[in-house]
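The values are calculated or read from the model by the stated rules, or taken from the named source; none is laboratory data. Predicted model only: the values in this text are computed from it and were never measured. Note that we place each Cβ from the backbone using ideal geometry, even for glycine, and neighbour counts take in every protein chain shown.
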Amino acid sequence: MYTKHFGLNRLPFENVPDPAFFFDQGDYHNVRSHITDSLKAGRGLMVVTGTIGSGKTTLSQMIKSDFADTLKLVWIAEPPANSMDLFLYLAQELGLKLSSSERTFVIRDIREALLKTVSDGTKCLIIIDESHLMSEDTFNGIRLLNNLEEGSAKLIQMLLLGQEEIMDKINKPEMEPFKQRIAALEILGTLDTEGIQKYISHRLQIAGGHPDIFKETGWKAISIAFKPSGTPRMINTLCDRSLQVAFNKKKEFVDAHDVYEATQKIGMVTDVFHYIVSLKSKQKEQLSESPVPVEEAPAQVQKPEIKLPDVNEHTDIRPMNSYAPLYFDQEGKRKGLKGPLILLGFSLVTLAASIMFYCHQSASSGLVPCLLDLLGV
């Protein structure tokens, strides 16, 4: 697992009702405080409702932990099908050997057992989970148990945990006698963006970790995934899978990409992908707008430097034309004047020969007219 990789001493986001991870802040702190006060005051019937995964069971485990030494706890994970099954279950938990299976006698035996429990300085608390699944008859059995009293003291206390549908049943006109007997009704909502961050940080701290395990983009992606709010169960699932994704990539931190991949693995439909796209777009804009440091500037093709020689009276200047071989040798040294003079003489002889040839062709005119004609005069 990823615990050692991220420096954790236990898994921080397991979806089990562990009281050690109870988020005792915000609404959760208020609900726990109200239920605790009701139990201490001896009130009989309490109801806690909330959406799926809102932490009702974890709250009940926290209550059990708080009163483990002062209350006889009877935990019912799934509500009985009817009131008689509820009475028989409670009688068995109290260790009763029933004298009769008739409803009236079963309730009498339960009352006598509860009186003995109270005389010993202890009270009985029944916690029924998934109570929104109870039938109307089972609700009626809860009401009858709530009527078991000795003077002003309730002989038994009951805590019902259920999804929001329980309110639809309680609010029916025929359920008015039951509704009037509810001493405390608490509702667990969802966590907003700030609450989600505190919740995750709390669980990481309990597990020996630090919130820095999630990078800034990771936190932002989580808040987008649960916008506008989220439940502890889904938050646990996404964070656990995000840590697993980052661990598989051998990364030290969880970023937006890991959160997005985790949402795909658990089938969450979110806007995290669009956030990543916008994040990359902003990064490109920043790179294009920011000046490029000198040391990071791309190398440019440099033209070869032409180094001109120092010119003075002793410097030989090599002309860059086709006559260079006539005036300079292979080493670049200036030749003598013999070559140029020979070239000049050769040119004059050629010119004279051309004139004589022209005049010979025009023999009738004489030399002078021939020259004048040649010059165009």
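I'd like to verify a number: residues in the range 148-174 that are surrounded by 15 or more Cβ atoms within 10 Å (Cβ to Cβ), aliphatic (A, V, I, L, M) and within 30 Å of K116 (Cα to Cα), how many?
Let us first name the residues in the range 148-174 that are surrounded by 15 or more Cβ atoms within 10 Å (Cβ to Cβ), namely 148, 154-163, 166-167, 169-170.
Applying the additional criterion that residues be aliphatic (A, V, I, L, M) yields 148, 155-156, 158-161, 166-167, 170.
Then drop every residue that is not within 30 Å of K116 (Cα to Cα), which leaves 148, 155-156, 158-161.
Count: 7.
T70 meets the stated requirement of being closer than 16 Å to Q157 by Cα, in contact with a Lys or Arg (Cβ under 8 Å, 6 or more places away or on another chain) and among the polar types (S, T, N, Q).
Across the range 114-137, the qualifying residues are those that are buried (at least 19 other Cβ atoms within 10 Å of the Cβ) and over 44 Å from the mean Cα position of the chain (by Cα), and the one among them that is farthest from V31 (Cα to Cα) is L114.
Residue selection: I63 fails the criterion of being under 24 Å from H34 (Cα atoms) and outside any helix (DSSP H, G or I). Among residues that are surrounded by 10 or more Cβ atoms within 10 Å (Cβ to Cβ), among the basic types (K, R) and within 27 Å of H5 (Cβ to Cβ), K265 is included. The sole residue among T117, T122, T49 that is of a type in the set (S, T, Y), in contact with a Leu (Cβ under 9 Å, 6 or more places away or on another chain) and under 28 Å from D168 (Cα atoms) is T49.
Please go through the range 74-102 and give me each residue that is part of a strand (DSSP E or B) and surrounded by fewer than 15 Cβ atoms within 10 Å (Cβ to Cβ), ordered by number.
Kept after step one, since they are part of a strand (DSSP E or B), are these residues of the range 74-102: 74-76.
Matches in the range 74-102: W75 only.
Take the residues in the range 184-228 that are more than 17 Å from R241 (Cβ to Cβ) and among the aliphatic types (A, V, I, L, M); name whichever of them is surrounded by the fewest Cβ atoms within 10 Å (Cβ to Cβ).
I187
For the range 264-279, the tally of residues that are in contact with a helix residue (DSSP H, G or I) (Cβ under 6 Å, 6 or more places away or on another chain) and among the polar types (S, T, N, Q) stands at 1. A single member of L45, L8 is modelled with pLDDT of 95 or more, closer than 26 Å to D240 by Cα and not charged (D, E, K, R), and it is L8. If you go through the range 36-65 and keep only what is within 24 Å of A153 (Cβ to Cβ) and buried (at least 16 other Cβ atoms within 10 Å of the Cβ), you end up with S38, L39, R43, G44, L45, M46, V47, V48, S60, I63, K64.
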